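Step one of this worksheet: look at the structure below.
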Amino acid sequence: MRKITKQSLAALLLIIASFHLPAAEYLDGIAAVVEDDIILESELAQEVSSVVSKLKANNVQLPPKNVIDKQVLERLIIDTLQTQLAERAGLKVTEEMLDSSLSTIAQQNGMDLASFEQEVKSQGMSYASFKESVRKEIVINQLRSHEIGSRVRVSEQEINHYLETEISSKDQKVKYLVGHILIAVPEAASAATIQAENAEAQSVTEQLRLGEDFQQMAVSVSDGANALQGGLLGWRTLNQLPTLFVDVVKSMSKGDIADPIRSPGGFHILKLMDSTDIESHIVIETQVRHILIKTNELVNDQEAQKRLQAIAGRIIDGDDFSALAKANSDDTGSALNGGELGWVTPGLLVPPFEKAMTELQVNEISAPVQTQFGWHLIQVLERRSKDNKEQQKRNQARDDIRKRKIEEETELWLRRLRDEAYVDVRLEALNE
């Protein structure tokens, strides 16, 4: 599924226009029972209307209605399971965090928050519904960070190997638009099941090579997270693609359909939609340090902010930031280094942290800043302009490897979550 990045937040605005309630009114029923929750037929109808409008806007040929209904319901089921798990884990989104995310979306679209709210309403969607969709996005990504991101580690050896063998400097200058279809295979599947899914993947590949529309096919049959976006993974460099895809994509020409690729999660079918050269450019790196206070049953948001404000006061009075970070920060990794995160490049840190960091002057101390990890006190130590130097390469390599690992782990985690859940689909047409 999706990560809470600037791109994914901005993408929410792009679907505003597609949020239209179905014209028909009917007695509401239950589309599916998901563990101890339900998905109503009206929820499904509204989401289907949204998806259909977006696909039409992107000129994607629509598959039959029951196929779209099934794909959309599956996405709603996955989202519901994640929301339930987040609630059990005690994860929450405060109004301050929500308002910060909404402000980010508005700024990325050249508006202040008030103008953005009016734009949402002018597109026929209630602002409350839009806010709720953003809240849901944030809490799901909090969950993924908690369940997956927290256990993903990148070693110096992996970075060295990546820089030595993975991607050449020439390859790093090319971006690829890749289409992806996943034919999923359950964990511990029987040989017969694997054989059947392989046969389906081969059949889909042949249909695509005979001219079937890739995006329509993705909407119809893909079990991947991007199915309802026509299977498009977006523009990526090779080092931003899953490791399994790299060698295949490098050898493809525009329009090629690759043979199915086997992974623990199933069979992957790729199409190279397009590719383009990209230019290197100067970036501003920031040397930054922070003190993190996590919230829990004993420390709420107000207490976390109060503690950080007290620490900020001590720093202003002359106490050493490094010593206070070692004594107080809940980020155990950086605390050992006095809170230092090293030199970071744009896009490496979560948006609220990066926004606050970017607005600070050198040596300035921020007010408490909230992210999905907790509350931070941030200080910028230095800034510099870099053009693809060694440390930038290592930082970028670390980020790329981490993103790959998270993407690969998330795919498996979501399939496992779905396979182990109690789900009862009540719509007969979708059980066929």
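Side notes on the structure shown:
- Of residues in region 154-196 being closer than 30 Å to Gln216 by Cβ and part of a loop (DSSP other than H, G, I, E, B), the one modelled with the lowest pLDDT: Glu187
- Among (1) modelled with pLDDT under 90; (2) within 25 Å of Ser101 (Cβ to Cβ); (3) not in a helix (DSSP H, G or I) - the single one Glu407 does not satisfy: (3)
- Number of the condition not met by Glu285 [criteria: (1) modelled with pLDDT of 90 or more; (2) outside any helix (DSSP H, G or I); (3) surrounded by 14 or more Cβ atoms within 10 Å (Cβ to Cβ)]: (1)
- Qualifying residue in region 297-310 (condition: in contact (Cβ under 8 Å) with a residue 60 or more places away in the chain, in the same structural domain as Val344 (by TED's automatic domain parsing) and in a loop (DSSP other than H, G, I, E, B)): yes
- Which listed residue is surrounded by fewer than 16 Cβ atoms within 10 Å (Cβ to Cβ) and at negative phi, from Ser115, Ser145: Ser115
- Hits in region 69-111 - residues which are in contact with a Phe, Trp or Tyr (Cβ under 7 Å, 6 or more places away or on another chain) and surrounded by fewer than 19 Cβ atoms within 10 Å (Cβ to Cβ): Asn109
- Among the residues making up region 246-261, a single one is free of Cβ contacts under 8 Å to residues at least 24 places away in the same chain and assigned to a strand (DSSP E or B): Ile261.
- If you go through region 97-130 and keep only what is over 23 Å from the mean Cα position of the chain (by Cα), outside any helix (DSSP H, G or I) and in contact (Cβ under 8 Å) with a residue 40 or more places away in the chain, you end up with Gln123, Gly124, Met125.
The values are calculated or read from the model by the stated rules, or taken from the named source; none is laboratory data. Note that the structure is a prediction, hence the values are computed from the model and not measured. Cβ sites come from the backbone with ideal geometry, for glycine too, and all protein chains shown count toward neighbours.
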